[in-house]
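This report concerns only the one structure given below.
The values are calculated or read from the model by the stated rules, or taken from the named source; none is laboratory data. The model shown is predicted, which means the values in this text are computed figures rather than measured ones. In this analysis, Cβ positions are derived from the backbone assuming ideal geometry, glycine residues included, and neighbour counts consider all displayed protein chains. Ligands, DNA and RNA are stripped out before the accessible areas are found, and what is left, the full protein with its side chains, is counted by its heavy atoms. Shrake-Rupley method; radii C 1.70, N 1.55, O 1.52, S 1.80 Å.
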Amino acid sequence: ALRLAAAETFAWSGWIALGLATTVLAQARANALVLLAVPFVVAFWPGSERPDARRGAVAALAAAALGLLLVAAIQTPVVGSFRPLPGAGGVNLYLGNKIGADGRIPRQDEHASYGSRYRDSVEVFAERAAAEAGVSADASSAYWLGRTVDDIAAAPQRWLALMGRKMVWLVWNHEIANNRSFAFAAAEESPILGRLPVRFALLLALAGAGGWIAWAVGARRRLLWPLAFLGFWGVGVILFFVAARFRLPMWPALAVLAGGIAPAVLDFWRARKGRPGAFALDRRQGAIALGLALGLATISAIDWFGVGAEPPFRDHFFRSIARQHLGDIDGALSDARRAVVLAPSDPASIFQLGSLHLARDEPEEALEQFERVVAIASQEPRGFHNLGIAFEDLGQPNEAYAAYVRATQLAPDYAPPWVSLGLLELRAQRLDTARGRIARAAALGNASIPMLIAQARLAALDGDHEASAALLRRAHGLDREITRRTLERLRRPLQSQAIAVDGAG
């Protein structure tokens, strides 16, 4: 009786764990909720006579619903509203299906700047566009859902063609890059990945053959789990973007199906030893399995729409940032240059290249790159701010001042240009205006090295030399080189007339 009770408890706990795990997954990727349909397909498939499986599927659904309500209750004090799911589903559905969508990666309607603190560009774009439309954060997802429906209704044939392309890309051998490029990692970062023989085309071919063999030998009910998972997950991917990291969960299910080849291999081995096969596959079944494998491999291997592999410029860009943080400026510069060559109109890569030239005390080269940034992304405050730094290093304070002012106009809550304006005005002995700039940056929470130096100078001017020294020690502790360069720039005096009077507030 105890063993029976333990078995029943374990069975129920498994279904409940499935529902709760789906709740957790849905917080990162809302389309994970499609997994809850899989046990229902298995439990209610025609011919199924397992009431325990049906009760278990209902239990999983109830556990997921309870988990979503619990998550919403916990998050309400933080996000300010009752949200069982993250609000990114609507905008991602729009970007994956809107007029002009390519179906592979989320391309925003316009460049989105995230200021000094990194944020996902889709999130920034969604918030800005919804705010311009007068939509609150709580209604944002519904707003994007409505725009998606409008775009589909405006050109249904275009949308159906897009869905067809996505279906083909779902089984394409190439791993479509999003945050990371598989090809880049295999070629430049991981000798193991580069030497592994398995690619999606091979796995798909083996899964097709193995699934058919498993079906032929009578394991049909067991095939429902992986097939239902692949079907529902594939639909969830197609509705959004067919990038490698979104279809990655399909690999284990395909591997399970590929395991169906084992009976055929066993039969072949037994026949070589003169023993009868355990599954008695005939030639017709073997021919079907081979045909499925070859057909699926062919479909997967061909680039049917001629889109080609995307250049790995983002991988070089992100590695450049990582190398810069590790102090490898030469390596970072090499990666940034490569990223710009691969994507000459990408403002983020050009910005990174310009920032590295600033770090190498090469203001002329930096100026050239930042001028390209502001020409491509005219609403990017970081580009104008660093353009101002390059101008200042070249001894052109008036041009620097104008660039800083433009940055504050584009993003009043972006603190660095307020600090730079204050430092420039300290050099020109415009103390009252400088205090206002530094106070504005402090109100925005800026605690950068230039901010500490500006506060130290103001404290020294007020006669509080102890506070000034403490602030300078903090700056030196963060980065001695940046502190030295900022102090050196601050010590270059200016005439008050050397910088223009602005109306930046």
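Could we say that Ala201 is under 14 Å from Ala293 (Cβ atoms), part of a helix (DSSP H, G or I), of a type in the set (A, V, I, L, M) and under 29 Å from the mean Cα position of the chain (by Cα) here? Yes; evaluated as a whole, the condition is true for this residue.
Sub-6 Å Cβ pairs linking a first residue in region 66-88 that is more than 13 Å from Ser140 (Cβ to Cβ) to a second residue that is open to solvent by less than 40 Å² (accessible area, probe 1.4 Å) and of a type in the set (A, V, I, L, M, F, W, C), at least 6 apart or interchain, are Phe82/Ala72; Pro84/Leu68; Pro84/Ala72, ordered by first then second residue. For region 363-394, a residue qualifies if it is of a type in the set (Asp, Glu), without any contact (Cβ under 8 Å) to a residue 60 or more places away in the chain and closer than 22 Å to Val419 by Cα, and exactly one does: Glu371.
Phe279 fulfils the conditions (1) modelled with pLDDT of 95 or more; (2) not in a helix (DSSP H, G or I) except for a single criterion, (1). Against the criterion of being in a loop (DSSP other than H, G, I, E, B) and either open to solvent by less than 50 Å² (accessible area, probe 1.4 Å) or farther than 23 Å from Arg406 by Cβ (or both), Ala434 does not qualify. Scanning region 136-143 finds one or more residues that are under 30 Å from Pro86 (Cα atoms), in a helix (DSSP H, G or I) and polar (S, T, N, Q). Screening Gly445 with (1) under 23 Å from Leu333 (Cα atoms); (2) touching a residue at least 12 places away in the same chain (Cβ under 8 Å) gives one miss only, at (1).
What number of residues in region 77-86 are open to solvent by less than 40 Å² (accessible area, probe 1.4 Å) and either under 17 Å from Val237 (Cα atoms) or within 16 Å of the chain's Cα centre (by Cα) (or both)? Total meeting the criteria: 0. Could you please let me know if Val307 is over 21 Å from Gly208 (Cα atoms), of a type in the set (Val, Ile, Thr) and not in a helix (DSSP H, G or I)? Yes; evaluated as a whole, the condition is true for this residue. In region 463-491, of all residues being acidic (Asp, Glu) and not in a loop (DSSP other than H, G, I, E, B), the one that is most open to solvent (accessible area, probe 1.4 Å) corresponds to Glu466.
Just one of the listed residues (Gly134, Gly146, Gly194) is exposed (fewer than 15 other Cβ atoms within 10 Å of the Cβ) and at pLDDT 90 or above, and it is Gly146. Could we say that Ala72 is among the hydrophobic types (A, V, I, L, M, F, W, C), at pLDDT 80 or above and either open to solvent by 40 Å² or more (accessible area, probe 1.4 Å) or in a helix (DSSP H, G or I) (or both) here? Yes, satisfied. Is it the case that Glu364 is of a type outside the set (A, V, I, L, M) and either closer than 19 Å to Ser448 by Cβ or touching a Cys at 6+ places or on another chain (Cβ under 9 Å) (or both)? Spelling it out, it is not the case that Glu364 is of a type outside the set (A, V, I, L, M) and either closer than 19 Å to Ser448 by Cβ or touching a Cys at 6+ places or on another chain (Cβ under 9 Å) (or both).
Being assigned to a helix (DSSP H, G or I), in contact with a His (Cβ under 6 Å, 6 or more places away or on another chain) and among the hydrophobic types (A, V, I, L, M, F, W, C) holds for only one residue in Ala402, Ala460, Ala441, Ala407, and it is Ala407.
With respect to Ala154, is the statement that it is open to solvent by 70 Å² or more (accessible area, probe 1.4 Å), at pLDDT 90 or above and not polar (S, T, N, Q) true? Yes.
Among the residues of region 410-422, is there at least one that is crowded, with 18+ Cβ neighbours inside 10 Å and out of contact with any Lys or Arg (no Cβ under 9 Å at 6 or more places or on another chain)? For region 410-422, residues crowded, with 18+ Cβ neighbours inside 10 Å and out of contact with any Lys or Arg (no Cβ under 9 Å at 6 or more places or on another chain): present. Residue pairs whose Cβ atoms lie under 7 Å apart, sitting 6 or more positions apart in sequence or on different chains, and linking a residue in region 18-30 that is open to solvent by 80 Å² or more (accessible area, probe 1.4 Å) to a partner that is modelled with pLDDT under 85, are Leu25/Ala32. So, Arg128, is that one under 28 Å from Ala264 (Cβ atoms), basic (Lys, Arg), out of contact with any Cys (no Cβ under 6 Å at 6 or more places or on another chain) and open to solvent by 70 Å² or more (accessible area, probe 1.4 Å) or not? Answer is no for this residue. For region 236-257, residues that are assigned to a helix (DSSP H, G or I) and over 16 Å from the mean Cα position of the chain (by Cα) total 10.
The set of residues in region 419-431 being part of a loop (DSSP other than H, G, I, E, B) and small (Gly, Ala, Ser) consists of Ala428 alone.
Determine whether Gly100 is part of a loop (DSSP other than H, G, I, E, B), open to solvent by 40 Å² or more (accessible area, probe 1.4 Å), under 30 Å from His385 (Cβ atoms) and modelled with pLDDT of 70 or more. Criteria not met by Gly100.
Scanning region 164-176 finds one or more residues that are open to solvent by less than 40 Å² (accessible area, probe 1.4 Å) and without any contact (Cβ under 8 Å) to a residue 24 or more places away in the chain. Here Asn179 fulfils each of the conditions (1) more than 12 Å from Leu93 (Cα to Cα); (2) modelled with pLDDT of 95 or more apart from (2).
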